[in-house]
Amino acid sequence: MTFDIIGLCREEPGPDTVLPALAAAGEELRADLRDEPPLIRLLHPDGRLLVTVEDVHLVRVAGEARRLLGVGDGVEVPDPLWWVEIRAPGNDPEAEQVARVFTAALVAGTGGLSWSNR
């Protein structure tokens, strides 16, 4: 089972927010960019996969992210928002930490919040 964390970003993530978030996740990590489907993979120096960052999606429907994730009414969720899914192998605590650090840095740069499956 993977560890999934989602950045619910107030502003569209671009190079000015994604690149610093990648660096925050670990400057020693190697980024592998894929075109089909668009994604970024972060690899440990030993070559193992730590994190996959999927393409960004604009969610225009008010309340849709709240509904999909089951977020309670007491949490402020931006509308509209940019949805960024980040996945890490579930059996690797280092990968989970990298995913959390990347997402926190991304959300800090764009505004919004994060949600995870644990």
Pairs under 7 Å by beta carbon, first residue touching a residue at least 40 places away in the same chain (Cβ under 8 Å) and within 23 Å of residue 77 (Cβ to Cβ) in the range 1-24, partner in a helix (DSSP H, G or I) and among the charged types (D, E, K, R), six or more apart or different chains? 3/96; 5/100
Could you run through the range 24-34 and say how many residues are farther than 13 Å from residue 94 by Cα, more than 14 Å from the chain's Cα centre (by Cα) and not in a strand (DSSP E or B)? 2
Tally time: how many residues in the range 5-16 are crowded, with 18+ Cβ neighbours inside 10 Å and outside any loop (DSSP other than H, G, I, E, B)? 5
Among the residues of the range 83-97, write down those that are under 20 Å from residue 38 (Cβ atoms) and buried (at least 20 other Cβ atoms within 10 Å of the Cβ). 83, 84, 86, 87, 88
Within the range 58-66, is even one residue touching a residue at least 24 places away in the same chain (Cβ under 8 Å) and at positive phi? no
Looking for something of a type in the set (A, V, I, L, M), assigned to a loop (DSSP other than H, G, I, E, B) and either modelled with pLDDT of 95 or more or surrounded by fewer than 17 Cβ atoms within 10 Å (Cβ to Cβ) (or both) - is there at least one such residue anywhere in the range 35-42? no
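The values are calculated or read from the model by the stated rules, or taken from the named source; none is laboratory data. Quantities reported herein were computed from a predicted structural model and do not represent experimental measurements. Virtual Cβ from ideal backbone geometry, glycine too; neighbours counted across all protein chains shown.
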